[in-house]
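The values are calculated or read from the model by the stated rules, or taken from the named source; none is laboratory data. All of these numbers come straight from a predicted model, not from anything done at the bench. Note that each Cβ is placed from the backbone with ideal geometry, even for glycine, and that neighbours are counted across all protein chains shown.
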Amino acid sequence: MLIQTINIGKVYKNGIIALSDINLSVDYGEFVFLTGASGAGKSTLIRLLFREEMPTAGQILIGGRSVLRLSTPEIVRLRRNTGVVFQDFRLMEKGTVFDNVSFALKAVERSWSEIKRRVPAVLERVGLAGREQDNVMHLSGGEQQRVAVARAIINNPLILFADEPTGDLDPRTSEELIKLFLDINSEGTTIIMATHDKIIVDKLNKRVLALSNGRLISDAVGGWNL
Amino acid sequence: MRNNGWMTFAAVLTITIALFLASLFWLLLKNIDANAVEVEDNVRVVAYLDYSVASGQRDEIRQQLEWIDGVAAVEFVSKEEGILDLQKRYHAEDLVETLGGVNPLPDLFSITARSTDDVAGIAAAAAEVKGVAEVKYGADTVEKLFALTDTLRKLGLAIMGLLAVAGVTLIAMATRLTIQTRKKEIMIMKWVGATNSFIRWPFFLEGLLLGLAGAAIALTLVLTLYSGAADYISASLPFVKVLTLAEIWRPAASFTLASGLTLGAVGSSIPLTRFLDV
């Protein structure tokens, strides 16, 4: 089992209970949807799995190891094996496509020759071949999200977290982006995607974890389960 | 640094002022120390004769002084020779007229000790010789100089300390503002697995550069000022030892630049520890 959570909960300082008693497990290579209305706890769960925040209760195991007791170098190693894509893309607005994607390699101190080789390859994979020198603010929403995906997968992560990646996109662009995620998943990357896009969830026959008011209310394959 | 122009300017300005004052104090203390060492190394004891001592008594006094343990040589300096020496040293040919036409100096014996260890003993013994009115030697002056140095050092440290705190605070604020401005980049670096040191080093470098910039400006200003002041003091007060620019610029540069780098490093480390952690 790749990811396991045991009774995890998250209560913020203002007293809001974001998550409560979440027990789930995700295997290597799975494609899992996290569904629920706004405020259900989807983004909070992803932030806990990504170790951006700590749960206030429970345990999280990734690859059999507790992520709550990781040293700083181990957290760094975990992050290098995961990728994250956000609804609002979170690109560096003043940079080009190359600047944004290569940043992920520069931050992990890859050589310039490796960066020059891998960036074009990953851009081709996400359908942005030859667009290295375009300023990201001149791209469409779908293209910007593809840049974000490229940045997330360029280090060949084991797990890809996507927090509402199609939230700001039109249906056609959303569908194209989902195809990209399926393609990445077919090569072995585990994908956990938070979404409230019912159409996409219904169309794909994937495992769906449904959250409501911070609780896991359903864990089943196929269809919107709320 | 570009993004926080005013904050950066304020940080560099404060560091410049702090290090300018610190370097000035440091130069002053170095010069005082040099004078103290020179006086301390002086093995001369001066025995001033009582005004009532007649010329016939001088030989007896000289003999008694020569018999004191540790004395290498005794030389008589008449009051006429003394006033001539002063006129020459201070370029004041009309010194006697200025003093009302009367030479106020007494006759004296200049006693050379074999070593500085003997100086205090010789001074004490010479003071006991009949006809000797007063004895002076370097240690007295050295003690006063050291007391002055100590007071100046404490005052200097207090002022430098306050300015250093101000400089460090401003560098910390400038670094924090830079962190805030680059928050998105920092978050992306954390998500993709950058190490703490990779995230922190540009900000640390920025702090060092701020400290170094302030130090370089301060050093230029203080050495320019010192060069002019040293020439003036040497000409006006020839009996005071003044370290030349050639003698002092390297240690002054080391002190100022090292201080600037230290302030920059400390200033930038504060926000890095608080706000930047994977």
Inset, instruction - Could you check, for the stretch B:235-254, whether at least one of its residues is modelled with pLDDT under 85, away from every other protein chain (no Cβ under 14 Å) and not in a loop (DSSP other than H, G, I, E, B)? - result: yes
Inset, instruction - Identify, from the list B:164, B:174, B:158, the residue that is at pLDDT 85 or above and either over 20 Å from residue B:260 (Cβ atoms) or among the small types (Gly, Ala, Ser) (or both). - result: B:158
Inset, instruction - Give the stretch A:73-115 a look and list any residue that's more than 8 Å from chain B (Cβ to nearest Cβ), without any contact (Cβ under 8 Å) to a residue 12 or more places away in the chain and among the hydrophobic types (A, V, I, L, M, F, W, C), or say none. - result: A:112
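Which of the residues belonging to the stretch B:81-97 are within 30 Å of the chain's Cα centre (by Cα), assigned to a helix (DSSP H, G or I) and surrounded by 13 or more Cβ atoms within 10 Å (Cβ to Cβ)?
Keep residues of the stretch B:81-97 that are within 30 Å of the chain's Cα centre (by Cα), which gives B:85-92.
From what's left, assigned to a helix (DSSP H, G or I): B:85-89.
Matches in the stretch B:81-97: B:86, B:87.
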Legend entry - Pairs, first farther than 13 Å from residue B:78 by Cβ in the stretch B:53-67, second among the aromatic types (Phe, Trp, Tyr), C-beta under 6 Å, six or more apart: B:65/B:109
Inset, instruction - Please report, ordered by residue number, the helices (runs of 4 or more DSSP H) entirely within the stretch A:22-127 with at least 2 residues that are buried (at least 16 other Cβ atoms within 10 Å of the Cβ) and over 16 Å from the mean Cα position of the chain (by Cα). - result: A:72-80, A:97-107, A:112-125
Inset, instruction - Would you list the helices (runs of 4 or more DSSP H) that sit entirely within the stretch B:98-208 and hold 1 or more residues that are in contact with a helix residue (DSSP H, G or I) (Cβ under 8 Å, 6 or more places away or on another chain) and away from chain A (no Cβ under 14 Å)? - result: B:116-127, B:138-181
